Amino acid sequence: VSSAGYIIALLLLVLYIYAIMAMSALKNNNPWHYRNLPISLLSLFRAATLVDWSKIMYIDVLGCDKDEFVYSKTKQTPELEIYWHCVHPETSHLMAVLFWISFIVISALIMMSLFIGSITLSMSDSMQQMRIDKERAEKQRNYEKKVDILIHESNGTDFTTTI
């Protein structure tokens, strides 16, 4: 397994651990993003790519009742699933901020840097191998030219053209 495979496995492990932590600590306040493990993993993957992670963080920090984009303010809409309603608004300033800062630093910055570094190292190795192969081919061509010249000079005939 290449280094990129190990980095992907490590990133999936980090996502899994943080998804379990989010489901256990933040689910009551934010059921839309943490209602079950697949949705929690998807929300955290989206945040790891730095796409609107701050909106999810603000819901976790300020409470779902302060959100105006995800949660419905009225309970008069029975056709909406329970996940659309802010039932248990909670503020968790310290815990949510620590959760999100650590998650973004680990997943987005460190893991992505490792992944990019792994790809760069792999490309560098393949470029080095290409240079070695090119040098070998050049040496082989030079050797074949020298052998052809020696054969031609010694016999007066070129065996490569008579075969």
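Read-outs: derived from the displayed coordinates by stated rules, not from any lab. From a predicted model like this one, the values you see are computed outputs, not experimental measurements. Please note: Cβ atoms are built from the backbone with ideal geometry, for glycine as well, and neighbour counts cover all protein chains shown.
Okay, here's what the table says:
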{"read-out": "In Hz, Karplus ³J(HN,Hα) per residue of the range 131-145 (6.51, -1.76, 1.60; θ = phi - 60°; x = Gly, Pro)", "value": "5, 4, 4, 5, 5, 4, 5, 5, 5, 5, 5, 4, 5, 5, 5"}
{"read-out": "In range of the label at residue 145: residues from the range 103-136 whose backbone nitrogen is under 18 Å from the point 7 Å along Cα→Cβ", "value": "134-136"}
{"read-out": "Residues whose placed amide H lies under 5 Å from that of residue 35, excluding near-sequence neighbours", "value": "40"}
{"read-out": "Phi-based couplings in Hz for the range 26-32 (Karplus 6.51, -1.76, 1.60; Gly and Pro marked x)", "value": "10, 5, 4, 7, 9, x, 5"}
